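The next block holds one structure in the form of structure tokens; read it before the comments.
The values are calculated or read from the model by the stated rules, or taken from the named source; none is laboratory data. All values derive from a computational prediction rather than experimental measurement. When we count neighbours, we look across all protein chains shown, and the Cβ atoms used for this are built from the backbone with ideal geometry, even at glycine. We work out accessible area using only protein heavy atoms, side chains counted, and drop any ligands, DNA or RNA first. Shrake-Rupley method; radii C 1.70, N 1.55, O 1.52, S 1.80 Å.
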Amino acid sequence: MTFFVGLGLGLSLIAAVGAQNVFVLRQGIRREHVVAVVLVCALSDAVLIAAGTAGLGAIIGAHSWIETVARIGGAVFLATYAVMAAMRAMKGPDNGLDVSTAPSAGPTIWAVALTTFAITWLNPHVYLDTVVLLGTVAATYGAEKWLFAFGAMTGSLLWFTVLGYGARLLSGVLASPRAWVIVDWLVAAMMALLAVLLILGL
């Protein structure tokens, strides 16, 4: 169960529309060094999730009261994220997934890898989602925190693999902003459910 909660939360966070997903989609459609793109994205998330899980786990181990604070804080953050996703969905489609506006990495694998690295690590939201949020939630699972973290890492790997390699098949659907309205509603529902589960665990 813990693994699947981590998997669900990891997928919910990573599925939000952003520069990274647009870039992966673009590279997948163009079939340019997709392996490198997927590996950089997935391994980066794994490192950040592990860092968050290890650091916050040590703090909570020394101060048990932090678990209660972490659960409440995590629930508030998840509820806020759910509201934001719902608001994006209600706002309706826009041009956020126009792959023609995604940055072009160039023809070489090193250019692609470096561009992917920059888009991932220079995005401040990635630290909030992985190190802070996923690390905090993972720490609330005690002895099973690494099972939760592994679930979140698996979700990241699955998402980028499907997005990168399925882009050609799904390009017509994923490139449509309306498709991401559905994604946002699903994200909102998942976030709200996880927020409730965190509170019930107090």
Checked Gly61, Gly96, Gly57 against criteria (at pLDDT below 85 and either assigned to a loop (DSSP other than H, G, I, E, B) or of a type in the set (A, V, I, L, M) (or both)); the one match is Gly96
Report the residue count in the range 104-140 for those that are farther than 17 Å from Phe23 by Cβ and surrounded by fewer than 20 Cβ atoms within 10 Å (Cβ to Cβ).
4
Specify which of the listed residues (Thr101, Thr68) is at pLDDT below 85, more than 24 Å from Gly164 (Cβ to Cβ), open to solvent by 20 Å² or more (accessible area, probe 1.4 Å) and over 21 Å from the mean Cα position of the chain (by Cα).
Thr68
Please state which one of Ala50, Ala75, Ala42 is assigned to a helix (DSSP H, G or I), open to solvent by 20 Å² or more (accessible area, probe 1.4 Å) and either at negative phi or modelled with pLDDT of 90 or more (or both).
Ala50
Taking Leu163, is it at pLDDT 85 or above, under 13 Å from the mean Cα position of the chain (by Cα) and open to solvent by 10 Å² or more (accessible area, probe 1.4 Å)?
no
Of the residues in the range 110-131, how many are in a helix (DSSP H, G or I) and touching a residue at least 40 places away in the same chain (Cβ under 8 Å)?
14
Of all the residues that make up the range 169-202, how many are modelled with pLDDT of 75 or more and open to solvent by 50 Å² or more (accessible area, probe 1.4 Å)?
12
Out of all the residues in the range 2-28, which are surrounded by fewer than 23 Cβ atoms within 10 Å (Cβ to Cβ), at pLDDT 85 or above and of a type in the set (A, V, I, L, M)?
Val5, Leu7, Leu11
